[in-house]
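A.B. asks: My questions will all concern the structure given below.
The values are calculated or read from the model by the stated rules, or taken from the named source; none is laboratory data. None of these values were measured; they are calculated from a predicted model. Don't worry about glycine lacking a Cβ; one is built from the backbone with ideal geometry, like all the others, and counts go over all protein chains shown.
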Amino acid sequence: MSRRLALLLLAVLLAASGRALADEAETLGHPAVEQRLKTLSNELRCLVCQNQSLADSNAELAVDLRNQVREQIVAGRSDEDIRTWLTDRYGDFVLYRPPLKGTTVMLWLGPALLLMAALTALYLTLRRRRRGAVAPELTEAERRRAEALLSTGEGPGAP
């Protein structure tokens with residue numbers, strides 16, 4: 001009985017993978033579909049890898065999303081409709097270039113703000129160093145005491 005069940009499961013798996021391969025093979029003959037898929041896949045982030053585009057990723061989810069995008073292209077949906085469908089499901093994170101809005105403003109302005117903060121800190125540090133490099137003016141009493149210490153050799157570095 002278990003052998004029949006195993007064979008049945010194997011047949012179902014082969015049929016499912018064969019159908020996916022058939023769907024992919026069906027569109028491979030259409031260069032316009034594949035070009036749109038490639039363009040869209042390069043604009044979308046793999047949700048598993050996060051640092052790769054959907055086109056570059058070999059993760060199972062990326063393959064599944066590419067197939068879903070391909071199906072939607074074949075169904076006649078526009079690129080904007082497909083992007084909207086993906087952002088509705090996965091949020092703006094799926095886009096490499098998310099739109100500028102309240103929830104993504106820090107993604108757009110964050111690097112510029114960090115650069116400005118770093119340049120300001122550098123400027124203030126250099127200015128503070130420059131001011132500290134100038135020897136302070138000594139009063140007449142301090143100058144006489146320093147000369148006396150230097151002439152007698154009783155300074156902090158004396159033996």
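A.B. asks: Looking at Leu65, Leu61, Leu47, which is the one that is among the aliphatic types (A, V, I, L, M), assigned to a loop (DSSP other than H, G, I, E, B) and under 30 Å from Gln35 (Cβ atoms)?
C.D. replies: Leu47
A.B. asks: Quick check, is Thr125 at pLDDT 90 or above and not basic (Lys, Arg)?
C.D. replies: yes
A.B. asks: Just a yes or no: is a residue in the range 130-138 under 30 Å from Leu40 (Cα atoms), modelled with pLDDT under 90 and part of a helix (DSSP H, G or I)?
C.D. replies: no
A.B. asks: In addition: Kindly evaluate Leu114 against the criterion of being outside the structural domain of Cys49 (by TED's automatic domain parsing), over 30 Å from the mean Cα position of the chain (by Cα) and not small (Gly, Ala, Ser).
C.D. replies: In short, no.
A.B. asks: Moving to a separate point now. Could you grab me the full set of residues in the range 98-150 that are touching an Asp or Glu at 6+ places or on another chain (Cβ under 6 Å) and among the aliphatic types (A, V, I, L, M)?
C.D. replies: Result: no residue meets the conditions.
A.B. asks: Among all residue pairs at least 6 apart or on different chains, which show Cβ distances below 6 Å where the first residue, located in the range 20-43, is at pLDDT below 55 and the second is surrounded by 14 or more Cβ atoms within 10 Å (Cβ to Cβ) and of a type in the set (D, E, K, R)?
C.D. replies: Pairs found: Thr27/Arg70.
A.B. asks: Residue check: is Gly110 under 30 Å from Asp56 (Cα atoms) and either of a type in the set (Lys, Arg) or modelled with pLDDT of 85 or more (or both)?
C.D. replies: Yes: the conditions hold for Gly110.
A.B. asks: Can you name the residue in the range 74-107 that is at pLDDT 85 or above and not in a helix (DSSP H, G or I) and is also surrounded by the fewest Cβ atoms within 10 Å (Cβ to Cβ) among such residues?
C.D. replies: For the range 74-107, the residue satisfying everything is Gly76.
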